[in-house]
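Every number in this text was worked out from the coordinates using simple rules, so none of it is lab data. Quick caveat, the model's predicted, so the values are computed rather than measured. Note: ideal-geometry Cβ built from the backbone for every residue, glycine included; neighbour counts use all protein chains shown.
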Amino acid sequence: MGREIGTTEYTRSQRTRYRRDLKRNLDLFETFLDTSEFVDEGTVGVELEMNLAETGSMEPALVASQVLEDLDDEEYVHEIGAFNLEVNLPVSHPTGRGIAQLEEDLGAKVDRADDAARGRGARVVPIGHLPTITEDLFAEESWRAPGARYQALENSVLEARGEEITLRIEGEGKGLDASFDSIAPESACTSMQLHLQVPPEQFAAAWNAAQAIAGPQVALAANSPFLLGKRLWHETRIPTFVQALDTRPIEYATQGVRPRVWFGERWITSMFDLFEENVRLFPALIPESREMAEEPLLTAGAAPRLHELMLHNGTVWRWNRPIYDPGTDVPHLRLENRLLPAGPTAADMAANAAFFYGLAHALVHERRPLWSRMSFEQADENFHQCARWGLEARIRWPRMGRVRVADLLQEKLIPQAVEGLKHLGADPDVVDHYGGILSERARTGRNGARWQIDTVTTLELRGATRAEALAEMTRRYRDAVSSGAPVHAWKVPARQR
């Protein structure tokens, strides 16, 4: 869904033709995957989504278009909300000082965007949910960024669903129960997406590994505990994103129809399994043909572009998504890890990347794969438990039984990630530095979500209302981002006696 499209409405005949072309694409991809050569350089990449907040009130600042105009840099682009920005970082390697360079690049990109935002009376806040968002923001059309693809997506989701979008998320009190006549809640979800280039023969192992560790990964990085004034899950982005793009009426969900935002339901043996599932299980949301998009059939290197298949893949939001890129010469395959929130600091985000790249590498090269000892259903349950309870979650793990995820991370997974980074060729001091950040976060139990919850609780005990506490916490959060210190070292305001 990153590409622009030409229309927001489609005829029945266009949808019928798109279905036929999609199946042809799938057949061609199966043959191409089995017979062609792909780039195998082990590169990594990052996309970072950010929020814009008004300098004083810290309420959403609907100035993305103006900030992008001031930046005048193609690496910064719109996201779905008028208070969102996205930046794409250069492709790099996790070897040598790669992760340290990633931290430097992340910090520079956030700072540059923040400098531009200041000129428009706003600040950039890298966080999973901007805590000051209210339902009033989504009552008008002004929340939406320009772009036909966003309007077309909303039209298709609402047409398929046939009724309003409803968010029902467990949390404090009765939790959150709110309805919207748009997909606006999706704009509340801002993430850091990690890309890992993988050769075809290794893709299944890499995807299975990423799925198996999704729970501990999201627990370690959770940074989205507040939405619409409510304290909900430690990583509320997970249920919010699922429900905001849910094309299913309640009856379809009851029948077992899969949601468009999907963990999956089985381990795979090939990347093709995922694309085949996409075509078999999900109708097209944006049925724009290659001819409508005026795209060539082949790249300069004669790799098929597979326009319909790639566009369709962009409207099935797997937490670990397969990516085929025809490139300009030789094609390549990527795993797109989509479950992490943005923030808090560049150091935290680089550490999160180090954890994923290091641990995935270690697990792919294990003699007996982790996923051969864990059911897929258990991986799914772990993911949702960790999204709800963060580092306080208790999950089941092979050979360890039921375990506190913070202990699992400290005793097993972070050391494995450290060994994976060493095997990848990361410099020893880089490995020690980011391993230390991860270990301290697990030891203290303080990720972004825990810091936000503790700070708001303290401010409320001092007499602040929830709205006042959220605004003040967001101001303190933005100041702490500027400090560059990892979140486990952030101070929580002292309670008054």
Protection-proxy order for peptides 268-280, 124-136, 166-178, each taking the mean of Cβ atoms within 10 Å per residue, highest first = 124-136, 268-280, 166-178
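Do the sum for the chain: with -39,500 (n - 2.57) for every DSSP H run of n ≥ 4, divided by all residues, what is the mean residue ellipticity at 222 nm, to the nearest 500 deg cm²/dmol?
Per the formula, -14000 deg cm²/dmol.
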For segment 354-409, what is the largest minus smallest coordinate of the Cα atoms on each principal axis, given in angstrom and ordered from greatest to least?
-> 30, 25, 18
For residue 127, list long-range residues whose amide hydrogen, built 1.01 Å from N in the peptide plane, is under 5 Å from its own amide hydrogen.
-> 51, 342
Considering only 245, 449, 51, whose Cα is most displaced toward the positive end of the charge dipole of segment 12-489, charges sitting on Cβ of Lys, Arg (+1) and Asp, Glu (-1)?
-> 449
Enumerate the calculated ³J(HN,Hα) couplings along segment 265-275 in order (Karplus 6.51 cos²θ - 1.76 cosθ + 1.60, θ = phi - 60°), each rounded to whole Hz, writing x wherever the residue is Gly or Pro.
-> 9, 6, 6, 10, 10, 7, 4, 4, 3, 6, 5
Starting from one equal scatterer on each C-alpha and no solvent at all, send me the Debye-based log10 I(q)/I(0) for segment 1-145 at q = 0.09, 0.13, 0.14, 0.19 Å⁻¹, two decimals.
-> -0.45, -0.80, -0.86, -1.07
Segment 242-264-segment 458-482 distance, computed between alpha-carbon centres (Å) = 35 Å
Residues with amide H under 5 Å from that of residue 144, placed H, sequence gap 5 or more | 82
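With a 10 Å Cβ neighbour count serving as the proxy for reagent exposure, in which order, fewest first, do 19, 144 appear?
Details: 19 16, 144 19.
In increasing order of surrounding Cβ atoms, one gets 19, 144.
Arranged from highest to lowest average of other beta-carbon atoms within 10 Å per residue, in what order do the peptides 446-454, 217-225, 111-119 appear? Spell out each step's value before the answer.
Numbers: 446-454: 23.7, 217-225: 30.0, 111-119: 18.2.
The peptides rank, most packed first, as 217-225, 446-454, 111-119.
Report the relative contact order of the chain, percent, no decimals, based on alpha-carbon pairs under 8 angstrom and at least 6 residues apart. Don't jump to the answer; show the numbers that get you there.
Values: 960 pairs, mean separation 99.6, N = 497.
Value for the chain: 20 percent.
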Based only on the alpha carbon positions, what is the Kirkwood hydrodynamic radius of the chain, in angstrom?
-> 23.0 Å
How many angstrom lie between the C-alpha centres of segment 319-373 and segment 147-168?
-> 29 Å
The extension gain from residue 467 to residue 118, computed as 0.36 nm times the residue separation minus the Cα-Cα distance, is 123.3 nm
Kindly write out, for segment 372-381 in residue order, the coupling ³J(HN,Hα) from the Karplus curve 6.51 cos²θ - 1.76 cosθ + 1.60 (θ = phi - 60°), rounded to whole Hz, with x marking Gly and Pro.
-> 7, 10, 9, 6, 5, 4, 5, 4, 5, 5
In whole angstrom, how far apart do the alpha carbon centroids of segment 95-125 and segment 4-78 sit?
-> 21 Å
Name the long-range amide H neighbours of residue 198: under 5 Å, sequence gap of 5 or more, or other chain; modelled H, no Pro or chain starts.
-> 333, 334, 335
Where does each of 395-404, 58-67 land if you order them by average Cβ count within 10 Å, highest first?
-> 58-67, 395-404
When a footprinting reagent is the concern and you count Cβ atoms within 10 Å, what order do 109, 23 take, fewest first?
-> 23, 109
Residue-ordered couplings for segment 84-93, obtained by feeding phi - 60° into the Karplus form 6.51 cos²θ - 1.76 cosθ + 1.60 and rounding to whole Hz (Gly and Pro as x), are 10, 10, 10, 10, 9, 8, x, 5, 9, 10
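Tell me, what is the FRET efficiency for residue 172 and residue 139 to the nearest 0.05, using R0 = 22 angstrom and their Cβ-Cβ distance as r?
Given R0 = 22 Å and the Cβ-Cβ separation, E is 0.40.
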For a paramagnetic label modelled at 7 Å from the Cα of residue 104 toward its Cβ, which residues of segment 464-484 fall within the zone defined by backbone nitrogen distances under 16 Å?
-> none
